[in-house]
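Remarks on the structure that follows.
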Amino acid sequence: MGTRDFIPMKIAILTVSDTRTLANDKSGQVLVDRLQKAGHILADRAIVKDDIEAIQTQVKQWIADISVDVVISTGGTGFTGRDVTPEAMMPLFEKQMDGFSWLFHKISFEKIGTSTIQSRATGGVAGATYIFCIPGSSGACKDAWDGIFASQLDYRHMPCNFVEIMPRLDEHLKRQKLQR
């Protein structure tokens with residue numbers, strides 16, 4: 001079997017927070033640094049308040065944008081009153097990715113033990129765009145990138161990866177988003 005060439009993904013980073021700015025958004029910056037080091041393209045970056053409508057407005061724009069393949073959000077996955085990222089994202093999903101949550105928690109458990117249950121990390125697909133919601137700590141962002149995204153967003157990863165199935169994500173709808 002021959003080797004595959006790397007295909008850079010166009011990734012948007014969303015930080016969900018009532019308090020963070022670009023200047024102090026360590027978690028978002030961890031993701032930006034890692035995706036760029038891996039050779040991917042930062043398609044966009046935004047910070048929105050912990051508000052369902054604000055989150056959905058931004059993510060819907062990225063779902064409709066042909067220059068965004070992946071959305072990774074950080075923050076708002078806990079249980080406090082302001083944590084609403086899963087409630088905002090899950091209604092947008094055409095398909096939920098249960099395995100992402102399971103694997104994130106497995107990786108997280110190895111680092112922080114049972115405290116991982118305080119996260120509602122989730123993932124799904126909408127409009128031929130992968131969407132992932134991870135906790136707002138920089139450690140969680142490192143764990144998600146290093147343990148999941150680094151391999152699944154790399155076309156060279158075998159036996160399978162997210163990149164190779166992208167052209168078929170919306171084949172039943174016959175949209176043209178993924179024409180490269």
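The values are calculated or read from the model by the stated rules, or taken from the named source; none is laboratory data. Bear in mind the structure is a predicted one, so any value in this text is a computation, not a measurement. No Cβ is skipped: glycine too gets one built from the backbone with ideal geometry, and neighbour counts run over all protein chains shown. Heads up: the accessible areas ignore ligands, DNA and RNA and are worked out on the full protein's heavy atoms, side chains in. Shrake-Rupley method; radii C 1.70, N 1.55, O 1.52, S 1.80 Å.
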Subtracting the Cα-Cα distance from 0.36 nm times the residue separation, let me have the gained length for R4 to A23 in nm, one decimal.
-> 3.1 nm
Once the Cα gyration tensor of the chain is diagonalised, what are the square roots of 5 times its eigenvalues, in whole Å and ordered largest first, as equivalent ellipsoid semi-axes?
-> 24, 19, 16
At 1.4 Å probe size, with no ligands or nucleic acids counted, give the accessible surface of M89 in Å², nearest ten.
-> 0
Just the number, please: percent antiparallel of the DSSP beta bridges in the chain, rounded to the nearest 5.
-> 30
So how many Å³ per residue does the convex hull of the Cα atoms of region 1-74 work out to?
-> 94
Calculated [θ] (222 nm, deg cm²/dmol) that DSSP helices of n ≥ 4 give over the chain, each run adding -39,500 (n - 2.57) = -9000 deg cm²/dmol
May I ask for the angle, rounded to the nearest 10°, between helix 52-64 and the longest principal axis of the chain, with both axes built from Cα atoms and the value confined to 0 to 90°?
-> 10
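May I ask for the Kirkwood hydrodynamic radius of region 1-41, worked out over all distinct Cα pairs and given in angstroms to one decimal? List each step's numbers first, then the result.
On the way: mean 1/r = 0.0837 Å⁻¹.
Roughly 11.9 Å, rounded to one decimal.
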Interatomic Cα distance distribution for region 62-101, bins of 10 angstrom, percent | 23, 53, 21, 2
Reachable aspartates and glutamates from K10, criterion Cα separation under 18 angstrom, eight or more residues apart if same chain = D33, D44, D65, D69, D146, D154, E164, D170
Past 25 Å, Cα to Cα, is the threshold; run K26/K95; K37/K111; K60/K111 against it and keep the listed order.
-> K26/K95; K60/K111
Considering only protein heavy atoms, what is the solvent-accessible area of E87 at a probe of 1.4 Å, reported in Å² to the nearest 10?
-> 80
Order of exposure, largest accessible area first, which applies to L22, L42, L92 with probe 1.4 Å = L22, L42, L92
Accessible area, probe 1.4 Å, largest first, for residues S108, S115 = S115, S108
Please give the per residue accessible area of region 42-161, computed with a probe of 1.4 Å over protein heavy atoms only, in Å².
-> 44
About its Cα centre, what dipole magnitude does region 27-180 give when the only charges are +1 on Lys and Arg Cβ and -1 on Asp and Glu Cβ, stated in debye to the nearest 20?
-> 220
Measure off 7 Å from each Cα along the Cα-to-Cβ vector at Q96 and Q61, then give the distance between these two points in nanometres to one decimal.
-> 2.8
